[in-house]
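Engineer: To start, I am sharing the structure in question, which I have written as structure tokens.
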Amino acid sequence: MMYGLVMGVHILASLVLIGIILVQGGRGGMAETLGGAAAQSLFGGGANIVMSRVTAIGAGLFMVTC
């Protein structure tokens, strides 16, 4: 039971990390392919701060569930 819960959280954390990292801008890559300013329109002017925090929280959760 507990193993299934931890695995579910782990998979959810990995999918969130994949999505957030692909949407982040700054260095080119997939950000322009997936809409360019999607993060800016979603979170406004403070998109970099929000994306950094979500990435850090997701990475921490991913490491804990590993």
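The values are calculated or read from the model by the stated rules, or taken from the named source; none is laboratory data. Quick caveat: nothing in here was measured; it's all calculated off a predicted structure. Please note: Cβ atoms are built from the backbone with ideal geometry, for glycine as well, and neighbour counts cover all protein chains shown.
Engineer: Which one of these is of a type outside the set (Asp, Glu), modelled with pLDDT of 90 or more and loosely packed, with under 12 Cβ neighbours inside 10 Å: ILE18, ILE49?
Structural biologist: Criteria check complete, one pass: ILE18.
Engineer: Next question, about the same structure. Based on what the data block shows, is ARG27 at pLDDT below 85 and of a type in the set (Lys, Arg)?
Structural biologist: Taking the combined requirement at face value, the residue satisfies it.
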